[in-house]
Amino acid sequence: MHSTADGTLSLFTTNGQRKYLTGDERRHFLAAAATSGRPELATLCATLAYTGCRISEALALTSASIDFDEGFIAIRCLKKRSKIPVMREVPVPNELLAALRTVHIQTGDSAACRLWSLSRSRAWQLVKGVMTDAGIPAGAQTTPKGLRHGFGIHAIRCGVPINLVQRWLGHASMSTTAIYLQAMGREERDIAARMWIRDDRRPSDQISK
């Protein structure tokens, strides 16, 4: 993740490109994945989008990682080195659970079998290819990390407490999660709109005079 000159983490690159997918881009991405004709790729893309996990963490998932009754996926925090696995439970939509059950859970399969038998580099290429198919303009956001950042922003904008976002993303420090507070949400846009609207004349009238 890029840091500014004072060491502050940022959602933008040094040349000002955003590093996260917008809500519309995420929806186009999921639609492209669903119509790709590759169910296993579609579930991988949906898992990345709905959990905000790192691509290496997604590829480590097994059928035992999914709790269908409680509606969550247990993700191992691979960045935290410990003899005892550090896990985080991320709630996911029912439609993702249904897709995972249909595509990946077969009678007699070992619970230890990975859901996706892909290398990290190959999975990265496939996910980026779906973004291209979705018509998302090339940029710093069109990577699996862009999905992770998009998840964080979406959660904050939906009112999810920041401590839960920190837990779901597996951040060791709250200061890392706090970068998602930088992104302007609907409430902030509404406040800004009210700031420039006056009863006696419209902003466009002022500009034209």
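The values are calculated or read from the model by the stated rules, or taken from the named source; none is laboratory data. This structure is a prediction, so every number in the text was calculated from the model and none was measured. No Cβ is skipped: glycine too gets one built from the backbone with ideal geometry, and neighbour counts run over all protein chains shown.
General remarks:
- THR176 within 21 Å of PRO39 (Cβ to Cβ), part of a helix (DSSP H, G or I) and more than 14 Å from the chain's Cα centre (by Cα): no
- Residues in segment 58-90 that are more than 13 Å from the chain's Cα centre (by Cα), under 24 Å from ILE156 (Cα atoms) and not in a loop (DSSP other than H, G, I, E, B): PHE72, ILE73, ALA74, ILE75, ARG76, MET87, ARG88, GLU89.
Yes or no, residue by residue, for (1) of a type in the set (Gly, Ala, Ser); (2) touching a strand residue (DSSP E or B) at 6+ places or on another chain (Cβ under 9 Å); (3) crowded, with 17+ Cβ neighbours inside 10 Å; (4) within 21 Å of SER119 (Cβ to Cβ):
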residue: GLY37; (1), (2), (3), (4): yes, no, no, no
residue: ALA42; (1), (2), (3), (4): yes, no, yes, yes
residue: THR47; (1), (2), (3), (4): no, yes, yes, yes
residue: THR51; (1), (2), (3), (4): no, yes, yes, yes
residue: SER56; (1), (2), (3), (4): yes, no, no, yes
residue: LEU61; (1), (2), (3), (4): no, yes, yes, yes
residue: GLY71; (1), (2), (3), (4): yes, yes, no, no
residue: ILE84; (1), (2), (3), (4): no, no, no, no
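- Scanning segment 132-156 for residues that are more than 13 Å from the chain's Cα centre (by Cα) and part of a helix (DSSP H, G or I) gives THR132, ASP133.
- Hits in segment 71-92 (condition: modelled with pLDDT of 90 or more and hydrophobic (A, V, I, L, M, F, W, C)): PHE72, ILE73, ALA74, ILE75, MET87, VAL90, VAL92
- When segment 190-206 is filtered for residues that are surrounded by 10 or more Cβ atoms within 10 Å (Cβ to Cβ) and either modelled with pLDDT under 55 or within 21 Å of GLY152 (Cβ to Cβ) (or both), the ones remaining, listed by number, are ARG201, ARG202, PRO203, ASP205, GLN206.
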